[in-house]
Structures are given as C-alpha cells and as structure tokens.
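Rule-based calculations on the coordinates, nothing more; no lab input. Because the structure is predicted, anything quoted here is derived from the model rather than measured. Ideal geometry is used to build each Cβ from the backbone, glycine not excepted, and the neighbour counts take in all protein chains shown.
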Amino acid sequence: MFAALALAACSDPVDQTTTEIGACDGMITVESNTSGNHVPMGSTIDFTNNPPTSGPHYPIWAAWDREYTQLPRGNYVHNAEHGGIVLLYRCDDGCPDVVEQLRGTARRMASDSKCASPVTKRVIITSDPLLPDGVQVAAVAWNHAYTASCYDPYIDTFARENYRKAPEDLCDNGANMGGTPIDP
C-alpha cells in the first residue's frame, strides 16, 4: 500500500511516503525535503514524523555501538544524520526478549571499513516511550523509518539498505552519554 502525504512542519513542506512491509504490521516511512539544522540542547523540537528521521536536532550525537536507556530524540536524529542506524523499542512493561533481538540485529550488521576503533558500526539501541501506540520496535536512518508491532527479522534488511545513506557520512564517535557497549 502506498500513500503520499503532504505535511507542513514549520514553514517547510515535507513529502512523506509509506509502504507496508513484512510481518508485525511493518511500515516503512520515507520523508524528503527535510533540513538538518542544529538547535540548542534541550530545546523542544516538533518533529514531522514519529519516530523522527530528520529535521532540526541537537548538535551532539551519542557514541556509537552502544545501548542506552533513553536518548533524547534530538540526539539520536543527529546519529541518523551521520549515516547510522538507530534501533528503537517501546515496552511499557519491559521486554528483555525484544531488546536482545535488537542487539542481534546490531551484531549482524557488517563492520564499517570507514570507521576506526572504538567505532566498528554506526548503530545505537535506545528505548523511545514516545513511539506511537502499537509500535513496539522501530529503526531510524536519515529520512527513513521502519515501525512494527513486534520484532520482525526484516529490520536487518532495513538496516543494511539504509546504512550510510545520509548527508553526513561520518564515523566520528559521538559524546559519552552513558549506556553500555553492544557486545560483539
């Protein structure tokens, strides 16, 4: 199913296309005509999509190859701008099995030959309690989102097809914002 929607965010029109894919009510959303302007840390940001895939974001991105309890959206959008994959989950009552499946997705991603230690892959995992109702798992790349009601191995395909496709293809490690390493 394809649907084209014209949305207004701030004063910039955003074109959005959605496609159903895979199991678990999987949906791919692709946005265009979005900017990547930096806004002050802690600013309120009105994103045009949920989860956000681009647009205004904070000037600091999180360190790669890590799992975080809950990163601010303004930070993880900056990770996407650098060509990375952001793996998200929303589990109001906890879901260690889903988090372990997302770790598996991160582990299966190919090592990035452009990156140097300590970065091996531009991937992060974080919870996002603001994901829409019914969305338990999501993945974000610049201008692209995958959402689903449960874990579907299709997320690996999404990560592979959208990795390093962003306006800033950078491996520089981000800021230490806590979290724990995604073990190999």
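Counting Lys +1, Arg +1, Asp -1, Glu -1, what net charge surrounds residue 110 among other residues with beta carbon under 14 Å of its beta carbon?
Working: positive: 107, 108, 114, 121, 122, 160, 164; negative: 65, 112, 156, 161.
Residues close to residue 110 contribute a combined charge of +3.
Helix-derived [θ] at 222 nm for the chain: sum -39500 (n - 2.57) over DSSP H runs of at least 4, divide by residue count, nearest 500?
Mean residue ellipticity, 222 nm, calculated: -5000 deg cm²/dmol.
Restricting things to Cα coordinates, could you compute the convex hull volume per residue of region 82-184 in Å³?
Measuring per residue, one finds 106 Å³ for the Cα hull of region 82-184.
Given the chain, what whole percent of its Cα pairs are spread farther than 21 Å?
Roughly 44 percent, rounded to a whole number.
Enumerate the calculated ³J(HN,Hα) couplings along region 56-73 in order (Karplus 6.51 cos²θ - 1.76 cosθ + 1.60, θ = phi - 60°), each rounded to whole Hz, writing x wherever the residue is Gly or Pro.
Using θ = phi - 60°, the values come out as x, 7, 6, x, 10, 10, 7, 4, 6, 6, 9, 10, 10, 5, 7, 7, x, 4 Hz.
Magnitude of the Cβ-charge dipole of region 2-181, K/R +1 and D/E -1, about the Cα centre, nearest 20 debye?
Result for region 2-181 is approximately 560 debye, rounded to the nearest 20.
For the chain, with the dipole built from +1 on Lys and Arg beta-carbon atoms and -1 on Asp and Glu ones, taken about the Cα centre, which of 52, 159, 32 lies farthest toward the positive end?
Towards the positive end, the residue furthest out is 159.
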